[in-house]
Amino acid sequence: MTQLKQMSHLDNGPPTPGKFKPYIHRVRWHSSLAKLTLWSFVFLALILLFFFRSPSSNSLPSDPSRRSLRTYNWGGPAWEKRVRSSARVRSRNGMSVLVTGAAGFVGTHVSAALKRRGDGVLGLDSFNDYYDPSLKRARQALLERSGVFIVEGT
């Protein structure tokens with residue numbers, strides 16, 4: 001009987017487990033809607049921070065050696081004709097493909113293989129100094145003979 005008396009203090013608690021919950025469980029941070037809202041605001045705040053902290057394009061010093069679409073001579077009827085001719089599909093099941101890094105090692109082989117298959121291929125390359133530009137120019141001439149036009153990007 002004394003053991004029952006000693007355990008009687010356990011009867012003062014709730015009959016079902018989990019009735020005593022800490023306050024933190026009342027706020028349901030584990031719900032997906034609350035998480036989505038929180039992370040959306042954080043992401044939006046980061047975007048706005050980067051947007052307002054970035055320098056405007058007018059405040060940048062003009063560097064004549066830097067190529068851009070405003071300074072590079074591109075466009076016009078002859079240029080558009082070369083682009084259309086290069087991208088024209090020559091086989092019945094062919095597709096028109098834009099190959100980035102077309103003057104690189106892999107891009108040259110991919111462009112040439114696609115053109116041989118009858119696909120329309122337009123190349124895009126920046127001709128930066130990461131690789132030897134003269135080697136890239138030689139590959140550009142090789143692809144020009146195959147009918148692939150490479151547009152110079154910045």
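None of the figures in this text is laboratory data; all of them are computed from the coordinates on show. All figures in this text were calculated on a predicted structure; none of them were measured in a lab. Here the Cβ positions follow ideal geometry from the backbone for every residue, glycine too, while neighbour counts run over all protein chains shown.
Over the Cα atoms, compute the radius of gyration (one decimal) and Dmax (the largest Cα-Cα distance, rounded to a whole number) for segment 85-128, in Å.
In Å, with Rg to one decimal and Dmax whole: 10.2, 36.
Could you work out, for segment 77-152, what percent of all Cα-Cα pairs fall into each 10 Å distance bin, beginning at 0 Å and stopping at the bin that holds the largest distance?
22, 54, 21, 2
Quick one: which of 102-115, 38-51, 121-134, 75-88 comes out on top by average Cβ neighbours within 10 Å, and what's the full order, highest first? Show your work: numbers first, answer last.
Working: 102-115: 19.0, 38-51: 9.9, 121-134: 15.3, 75-88: 12.6.
So the peptides 102-115, 38-51, 121-134, 75-88, ranked by packing, come out 102-115, 121-134, 75-88, 38-51.
If the label point is 7 Å along Cα→Cβ of Asp132, which residues in segment 139-154 have backbone nitrogen under 12 Å from it?
Residues 139 qualify, since their backbone N sits under 12 Å from the label point.
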